[in-house]
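Scroll down for the structure; my scribbles are underneath it.
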């Protein structure tokens, strides 16, 4: 009876190990090897608005400001701030430190068609730790800032 129990335990461990390897392999394939479509635009949103404040046009290598960010009167400057020389967009986030709302700085690269949050204040700085994005959305919840990509969808074809 003891011998049969040991064989069952060994088989269970082997089965669990094989399943973990398969799931891990699929995860790595999806995260690393699966290519995303090439982004044509990156849209920067603030709050729950469906209209972007700024659009980064990777095809024409330009940044388009759609509207001003609504900020309280006691903050100087008009947001978003677009600095074409350093290729950054600065927004005023919702996260407050000592009663002062913090900025969120987004850097873009026309050559590689990437966007990255490079500076922000939030618990554990999760937003800026997301790294460079080649097409996956960037979300900064404490500051209510998000970046979504628009790709060229050439999947429409006729047979």
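Laid out as a table, the results:
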| read-out | value |
| --- | --- |
| Strands (runs of 3 or more DSSP E) enclosed by the stretch 77-159 - at least 2 residues per element that are under 22 Å from residue 66 (Cα atoms), assigned by TED's automatic domain parsing to the domain that holds residue 56 and within 13 Å of the chain's Cα centre (by Cα) | 100-109, 114-119, 138-140, 145-151 |
| Subset of the stretch 62-74 [in a loop (DSSP other than H, G, I, E, B) and either surrounded by 12 or more Cβ atoms within 10 Å (Cβ to Cβ) or not assigned by TED's automatic domain parsing to the domain that holds residue 137 (or both)] | 66, 67, 69, 71 |
| Total residues in the stretch 92-114, condition modelled with pLDDT under 95, in contact with a strand residue (DSSP E or B) (Cβ under 7 Å, 6 or more places away or on another chain) and within 13 Å of residue 56 (Cβ to Cβ) | 2 |
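The values are calculated or read from the model by the stated rules, or taken from the named source; none is laboratory data. No experiment lies behind these values; they were computed from the predicted model shown. Neighbour counts run over all protein chains shown; Cβ positions are idealised from the backbone, glycine included.
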